[in-house]
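One structure below.
The values are calculated or read from the model by the stated rules, or taken from the named source; none is laboratory data. The shown structure was predicted, so the numbers you read here are calculated from the model rather than taken from an experiment. Here the Cβ positions follow ideal geometry from the backbone for every residue, glycine too, while neighbour counts run over all protein chains shown.
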Amino acid sequence: MDLLDWHRGALSSRRLMVLVKHMPRDSAVNRDLHGEAVEWDASTHLVAAAVDHLAVANWMTATINGGEDGEPLDYPEPVPRPLSPDMAPAVAYDSESATPLPEQPTPSQLAAFFG
């Protein structure tokens, strides 16, 4: 397709808009508009979420079994995800410390919850 057809009048503005709007995910236009977010499909986001949840589960287990004597463990950092301007993160994170909001449970709260 020749984009000069739009200038010549052989291609309507509506048809050009439809063609640009429905370009493949990995097209140069989508990459320019959305950055590296076009490389992340739904399954990639699901895998990143699974990794985050497993890291939190491991942190909870280590925190509960660590005892009161030890130093508290650092909360695991989430897998970095690309964001485009029209996407919002699934979980709210504090921008400075990259910790999930609301606050983290204490070891005693975790032990009380899990009995």
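A few comments on the model shown:
- Taken over region 47-77, the criterion of being surrounded by 12 or more Cβ atoms within 10 Å (Cβ to Cβ), over 14 Å from LEU110 (Cβ atoms) and among the small types (Gly, Ala, Ser) is satisfied by ALA48, ALA49, ALA55.
- Any hit, region 35-43, residues being over 26 Å from VAL79 (Cα atoms) and among the aromatic types (Phe, Trp, Tyr): no
Yes/no matrix, rows are residues, columns are (1) at pLDDT 80 or above; (2) not in a loop (DSSP other than H, G, I, E, B):
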| residue | (1), (2) |
| --- | --- |
| LEU54 | yes, yes |
| GLY67 | no, no |
| GLU71 | yes, no |
| LEU83 | no, no |
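- Those residues of region 24-46 which are exposed (fewer than 15 other Cβ atoms within 10 Å of the Cβ) and either outside any helix (DSSP H, G or I) or among the acidic types (Asp, Glu) (or both), in sequence order: PRO24, ARG25, ASP26, SER27, ASP32, GLU36, GLU39, ASP41
- From GLY70, GLY66, residue being within 30 Å of GLY115 (Cβ to Cβ) and touching a residue at least 24 places away in the same chain (Cβ under 8 Å): GLY66
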